[in-house]
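Each value in this text was obtained by applying a stated rule to the coordinates, not by laboratory testing. Note that the structure is predicted; figures quoted are calculated from it, not measured. Every residue, glycine among them, receives a Cβ derived from its backbone with ideal geometry; neighbour counts consider all protein chains shown.
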Amino acid sequence: MKIIAGNWKMNGSRSGLDEMISALDNVETQNTVILCVPFTMVRGGTSRVAVGAQDISTHDKGAYTGEVSGQMLSDAGAKYVIVGHSERRAYHNETNAIVAEKATAALANGLTPIICVGETMDEKQAGKTMEIIESGVRESVPQNVSGKIIVAYEPRWAIGAGLTPTDQEIAAAHTLIAKTLESMGLAGTPVLYGASVKGSNAAQIMSIEHVDGVLVGGASLKSDDFIPIITSVK
Ligand code: PEP
């Protein structure tokens, strides 16, 4: 069984989510399916598709205009929240320390954080991929979270670019993440791969050791693109 998570970013509508959820509810699969949507679309409900958000405040409540707390997300029906996505790190200056605080806020409110780590193109070209991945995991994952989190490896240069690392590069990154998590007492934490996953490469990527599922951006927006990813693995 794999975890297939979609990230709608700043796209979609409530009626579009209704249609997607109806389409996904008819798909025969044992895989866990999650859709992380904009705040205004977060909902609970009886669907087998779990809904999540894409960001969370580090604060509980108060004078933080524009922020949305974990308690609010939970109240709206969210089960998951992405933290430390590449675009949050790039456009909102989120550091590993902030990401760890956001993951802690998620856990305090019963949400499962999907904690993203990955290297930029500059870091890759400087030969720092492994160092960035390891420090990303060590510094972005809070203490004592066994069985409560998901990690996503997203090479930042490949997101939305139609580029993917080689299978060997993905295997090396995921093996390092699994070992790092093990050394932190977090063996068995699911680790997703994300960046330019589509129906045509999903099965191959999910056959790589230590790849427990995928985090999908662009190809999660339309059911015709997303369903083949969900059904590409049993
Ligand atoms: C993402 O934004 O998390 C992502 C993986 O995007 P894409 O699949 O479009 O590369």
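The value of relative contact order for segment 60-163, using C-alpha pairs under 8 Å at least six residues apart, is 29 percent. Each residue of segment 161-171 is assigned a 3J(HN,Hα), and the resulting list reads 9, x, 9, 9, x, 6, 4, 5, 5, 5, 4 Hz, derived from the Karplus form 6.51 cos²θ - 1.76 cosθ + 1.60 (θ = phi - 60°), x at Gly and Pro.
Considering every alpha-carbon pair of segment 3-230, the percent of pairs per 10 Å bin, from zero through the bin containing the longest distance, is 8, 36, 38, 16, 1.
Between Val83 and Ile114, Ile115, Cys116, the built amide H atoms are under 5 Å apart, and every one of these is 5 or more places off in sequence or on another chain.
For the listed residue pairs Lys128/Lys148; Lys102/Lys222; Lys9/Lys198, the alpha carbons are over 21 angstrom apart in Lys128/Lys148; Lys102/Lys222.
Spatial offset of segment 97-171 relative to segment 1-44 amounts to 22 Å, using the alpha carbon center of each. FRET efficiency for the Gln125 to Asp224 pair, using the beta carbon distance and R₀ = 35 Å, is estimated at 0.45.
Computed from point charges on the beta carbon alone (+1 for Lys and Arg, -1 for Asp and Glu), the dipole magnitude for segment 80-234 about its Cα centre is near 280 Debye. Spacing of the modelled spin labels on Asn144 and Gln204, each 7 Å from Cα toward Cβ, amounts to 4.5 nm. Phi angles of segment 11-22 translate, via the Karplus equation with coefficients 6.51, -1.76, 1.60 and θ = phi - 60°, into HN-Hα couplings of 9, x, 8, 5, 5, x, 5, 4, 5, 5, 5, 4 Hz per residue; Gly and Pro are given as x. Dividing the mean sequence gap of close Cα pairs (under 8 Å, 6+ apart) by how many residues the chain holds gives a relative contact order of 21 percent.
For the chain, a Gaussian network of Cα nodes joined below 10 Å ranks Glu134, Glu154, Glu28 by mean-square fluctuation, and the top entry is Glu28.
Shown here: segment 136-234, whose C-alpha atoms stretch 39, 23, 21 Å along the first, second and third principal axes, sorted largest to smallest.
Applied to segment 222-229, the Karplus parametrisation 6.51 cos²θ - 1.76 cosθ + 1.60 on θ = phi - 60° returns per-residue 3J(HN,Hα) values of 10, 4, 5, 8, 7, 4, x, 6 Hz, with x for Gly and Pro.
Annotation for Leu163 and Glu19: the two label points, set 7 Å from Cα along the Cα-Cβ direction, are 3.3 nm apart.
Grab the beta carbon distance between His59 and Asn11, set R0 = 30 Å, and tell me the FRET efficiency rounded to 0.05. For His59 and Asn11, the calculated efficiency is 0.70.
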